[in-house]
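Please treat every number below as a calculation from the coordinates, not as lab data. None of these values were measured; they are calculated from a predicted model. We place every Cβ from the backbone using ideal geometry, glycine too, and count neighbours over all the protein chains shown.
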Amino acid sequence: MKYLLECKGIGYKIGKDVFLEDINFTLSPGQRVVLFSESYQAASFLLQICSTLIRPTKGILLIEGDEVNYEDREESFNIKRRLAFVDNKSTLIQNLSVLENIALASIYHENKSLEEIQIQLDPIIEIFSLKEVLHLRPADVDPATKGRVLYAIEAVKEPVLVIFDRPENDFNENDRYYLFNILHKLKEDRNCGFIIYTRSRSLIEKWADAIIILKNGLITQQVDKDSFLLSRKQML
């Protein structure tokens with residue numbers, strides 16, 4: 001079986017501080033995994049490694065069977081184009097309009113012209129209710145709208161793996177359905193795999209296939225959703 005993602009002996013440390021140690025897990029195409037960790041730093045580093053944003057200090061990472069070669073820029077770039085990553089630190093290009101920010105993602109990742117991707121853009125713009133702000137610059141939109149723009153950018157790509165860092169922080173309860181829109185669209189259209197770091201009970205209930213627990217820098221176990229929610233009833 002060809003896994004979508006494989007972590008083999010992944011470790012990460014900064015100086016004497018060890019955040020990850022001997023991480024081993026696999027993700028299959030279409031699988032939806034929630035990462036649970038008491039340490040945000042450790043979880044964040046693991047997500048960044050899985051999205052190839054940072055290099056592990058030991059171990060290897062494979063995407064669709066291809067080992068990430070950090071020394072080969074072209075090969076590494078081709079792997080990065082298959083991935084989508086969103087956290088609350090993601091930013092927009094300030095001197096481009098909302099429309100140009102969204103379009104640039106597809107132009108950059110898929111080597112398509114604006115004319116070619118217009119068919120892709122229209123339904124995404126409608127899903128995230130962005131028609132009225134397309135001409136604005138990022139500085140002119142409110143934080144909730146910015147969150148919708150960031151998710152629209154990921155929706156126009158064609159990733160095989162999507163990684164979300166605390167997506168519940170990007171939307172209030174009234175706008176939470178935008179998050180589920182992108183999750184379902186990517187799942188149905190492209191059979192993406194997902195890794196989501198969250199403490200949102202509603203997101204876990206509606207979306208997770210399995211829970212991976214990260215503790216003291218190690219993947220301690222993978223548990224089913226119902227058992228996890230029962231054990232964490234007071235915490236979530």
(Q) What number does the chain give for Rg over Rh if you use C-alpha atoms and the Kirkwood radius? (A) 0.96
Q. In the structure displayed, which of LYS157/LYS206; LYS146/LYS206; LYS2/LYS157; LYS131/LYS233 lie more than 30 Å apart, Cα to Cα?
A. LYS131/LYS233
Q: Using only Cα atoms, figure out Rg for the stretch 51-90 and give it as a multiple of 2.2 N^0.38 Å.
A: 1.20
Q: Can you tell me the dipole magnitude for the chain around its Cα centre, using point charges on the Cβ only (Lys, Arg +1; Asp, Glu -1), in Debye to the nearest 20?
A: 680
Q: May I ask you to compute the full-extension gain from SER202 to ASN95, defined as 0.36 nm times their residue separation minus their alpha-carbon distance, rounded to one decimal in nm?
A: 34.9 nm
Q. Taking 1 over the mean of 1/r across every pair of different Cα atoms in the stretch 27-129, what Kirkwood radius in Å do you get?
A. 16.2
Q) For helix 114-127, what angle does its Cα long axis make with the longest principal axis of the chain, in degrees from 0 to 90 and rounded to 10? A) 70
